């Protein structure tokens, strides 16, 4: 880990702690690059918003990869849903899967909402998780049922009900807030890249409030901060 971090920060003027904080602020909260620039300037750290953007693209991808490697297998009840994202006047669909606790499992941006798109997303999801779910919950979009039948998920209980899928529908809200701050995404690739970095960082700091007491919540938040420091600044940690 130390060698990876050393090569990652090589030839950068600012130390790892400042870069990690800038990336954390940008992906953890619905902030723009200029907002992060102002927050760092308040602490006496003068960087441009363009530098923050470069940090987010370079280091955010590496941080997200390291978080995924540390993440254990998540829940066996998957909620699948798709949201419409307008990019340059064209409709795109952000396919998203979360488990029963709200942790994001997979995201995929596609132009279509048909059986082929559903099959591609489910296969990507199965490959990433390495196992089939016990229960898969979707809305009444027929593409899910067709893809489920084609792939042959016989061991999976497929439940189709609009009211049962609130977990997946609510998981779109953080990205919707970011979409407003960023004044829409620039391209499908931009959306896919941002979501693939944002969601692992979101998972690291996601604690279902209905499952933990206040004391446990504080401990988990401190544990998440420790993991973040170990990933981003292993020498300091």
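Here is how the numbers come out for the structure above:
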{"item": "Among the residues listed as 184, 167, the single one being farther than 23 Å from residue 65 by Cβ and in a loop (DSSP other than H, G, I, E, B)", "result": "184"}
{"item": "Condition check for residue 61: under 21 Å from residue 229 (Cβ atoms), touching a helix residue (DSSP H, G or I) at 6+ places or on another chain (Cβ under 8 Å), outside the structural domain of residue 196 (by TED's automatic domain parsing) and not in a loop (DSSP other than H, G, I, E, B)", "result": "yes"}
{"item": "Residue among 174, 208 that is surrounded by fewer than 15 Cβ atoms within 10 Å (Cβ to Cβ) and touching a residue at least 12 places away in the same chain (Cβ under 8 Å)", "result": "208"}
{"item": "Flag if residue 91 is assigned to a strand (DSSP E or B) and out of contact with any helix residue (DSSP H, G or I) (no Cβ under 9 Å at 6 or more places or on another chain)", "result": "yes"}
{"item": "Test for residue 234: is it over 30 Å from residue 12 (Cα atoms) and either assigned by TED's automatic domain parsing to the domain that holds residue 100 or assigned to a loop (DSSP other than H, G, I, E, B) (or both)", "result": "no"}
{"item": "Residue check, residue 44 loosely packed, with under 13 Cβ neighbours inside 10 Å and not assigned by TED's automatic domain parsing to the domain that holds residue 122", "result": "yes"}
{"item": "Test set (1) within 27 Å of residue 68 (Cα to Cα); (2) touching a residue at least 24 places away in the same chain (Cβ under 8 Å) - residue 128 fails condition number", "result": "(2)"}
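The values are calculated or read from the model by the stated rules, or taken from the named source; none is laboratory data. Fair warning: this is a prediction, and the values are worked out from it, not measured in the lab. Neighbour counts are summed over all protein chains in view; Cβ atoms, including those assigned to glycine, are modelled from backbone coordinates with ideal geometry.
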